[in-house]
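Presented below is the structure to which this report refers.
The values are calculated or read from the model by the stated rules, or taken from the named source; none is laboratory data. Keep in mind it's a predicted model, so treat the numbers as computed, not measured. Ideal geometry is used to build each Cβ from the backbone, glycine not excepted, and the neighbour counts take in all protein chains shown. Just the protein is used for accessible areas: all its heavy atoms, side chains included, with ligands, DNA and RNA removed. Shrake-Rupley method; radii C 1.70, N 1.55, O 1.52, S 1.80 Å.
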Amino acid sequence: MLSNLEVKWFYDVIALEECRSFTLAAQKRNISQSSFSRRIQALETTLGFSVFNRNVNPPQLTPQGRIFVGYARNMLDDMDFQISRIKGEDKLRQSIRIDAAPSLSVLLLPDILADYRDSPDKVFFVESINVNDAVFNLKEGKSDFILSFYNEELMNYPFINHKIFDSALHLVTPCDQNGNPLFSLNSETLPLVKYANDSYMGRQVNQVIDRIPNTTFILTFVSSMSELLKRMILKGDAVGWLPDYSIQYELRERKLAIIDHSLTLKISAYVYRSGARLNLTAERFWRYIKERNVES
């Protein structure tokens, strides 16, 4: 049955996923709408499942369709790359698409990518976006990997994960010129900079704040970017939770101090991907990720 699949159908289904309109997708593929619709139907008949739900407008991918479109993108990417190699066109490079949590994209991803020297025939495309958008892109086959913190949905089928490190979130205070903390839990009020409530770190911090009702926090600044929060704290006007990996220098230099270790939160970061086969270069990068030592 699968031997009847035609490569042009893969391009058709990707066009429809991008346009979410049979009319626009048919124009993009330069065929009539009726012919385009028949080709999508032929694909779905051959596969044995519906790729699109036509009962909604615009048409949406079915759960099986999401997996298939990701596979189709990677298969076509890999095929184009291999054919170009056969033809001797060495300039073509395969892409590796990564969506990353803002703090991880700035502080950790550069080191991960710098250590990866498997093949020069690659280009990394990295977007620093919130986890909801990242999950959507992964489901839709628009990214290969997500670098982010624990996510319940991504821990389950059809996704695969690999933990890359364990760390901690510390409640820290700025220090004066002599290295003395400017704030403590004994302060009447504590001006607070924190992560957005809809972020992973924001939810974790909120749970800790709820456990210390005797301390009054006055929210002064909100951001999803750890580096921005750190800069605000270093100005000396507020406290906040920051990841251990981003404040090692500031702790050593006594520019920041941990207020209370009992309020420290454990966090872990993961690389997530779809269970569908990726292009050859992305699969090699996944093997590299899995072989890296888990840092503590």
note = Counted residues in the range 119-177 being assigned to a strand (DSSP E or B), open to solvent by less than 40 Å² (accessible area, probe 1.4 Å) and closer than 13 Å to SER105 by Cβ come to 5
message = Going through TYR245, TYR270 one at a time, which residue ends up being part of a helix (DSSP H, G or I) and of a type in the set (Phe, Trp, Tyr)?
response = TYR245
key: Total residues in the range 201-222, condition in a helix (DSSP H, G or I), surrounded by fewer than 19 Cβ atoms within 10 Å (Cβ to Cβ) and of a type outside the set (S, T, N, Q)   = 5
ask   = Within the range 223-273, can you find the residues that are open to solvent by less than 20 Å² (accessible area, probe 1.4 Å) and polar (S, T, N, Q)?
value = SER223, SER226, SER246
message = Suppose we keep only residues that are without any contact (Cβ under 8 Å) to a residue 60 or more places away in the chain and over 18 Å from GLY141 (Cα atoms) within the range 59-89. Which one would you say is surrounded by the most Cβ atoms within 10 Å (Cβ to Cβ)?
response = SER84
key: Scope the range 21-49; condition assigned to a loop (DSSP other than H, G, I, E, B) and loosely packed, with under 15 Cβ neighbours inside 10 Å; matching residues   = ASN30, SER32, GLY48, PHE49
request  = Inspect all residues belonging to the range 253-273 and state whether any of them is among the basic types (Lys, Arg) and closer than 29 Å to LYS139 by Cβ.
outcome  = yes
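Conditions (1) of a type in the set (Phe, Trp, Tyr); (2) touching a residue at least 24 places away in the same chain (Cβ under 8 Å); (3) over 28 Å from PHE68 (Cα atoms), marked per residue:
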| site | (1), (2), (3) |
| --- | --- |
| VAL131 | no, yes, no |
| LYS139 | no, yes, no |
| ASN151 | no, yes, no |
| LEU190 | no, yes, yes |
| LYS194 | no, yes, yes |
| GLY202 | no, no, yes |
request  = Scan ASN156, ASN161 and give me the residue that is touching a residue at least 40 places away in the same chain (Cβ under 8 Å), not assigned by the TED database to the domain that holds ALA196 and not aliphatic (A, V, I, L, M).
outcome  = ASN161
request  = Can you confirm whether the range 91-98 contains a residue that is of a type outside the set (Lys, Arg), assigned by the TED database to the domain that holds SER128 and out of contact with any strand residue (DSSP E or B) (no Cβ under 9 Å at 6 or more places or on another chain)?
outcome  = yes
ask   = For the subset of the range 181-200 comprising residues that are aliphatic (A, V, I, L, M) and part of a loop (DSSP other than H, G, I, E, B), which member is nearest to the chain's Cα centre (by Cα)?
value = ALA196
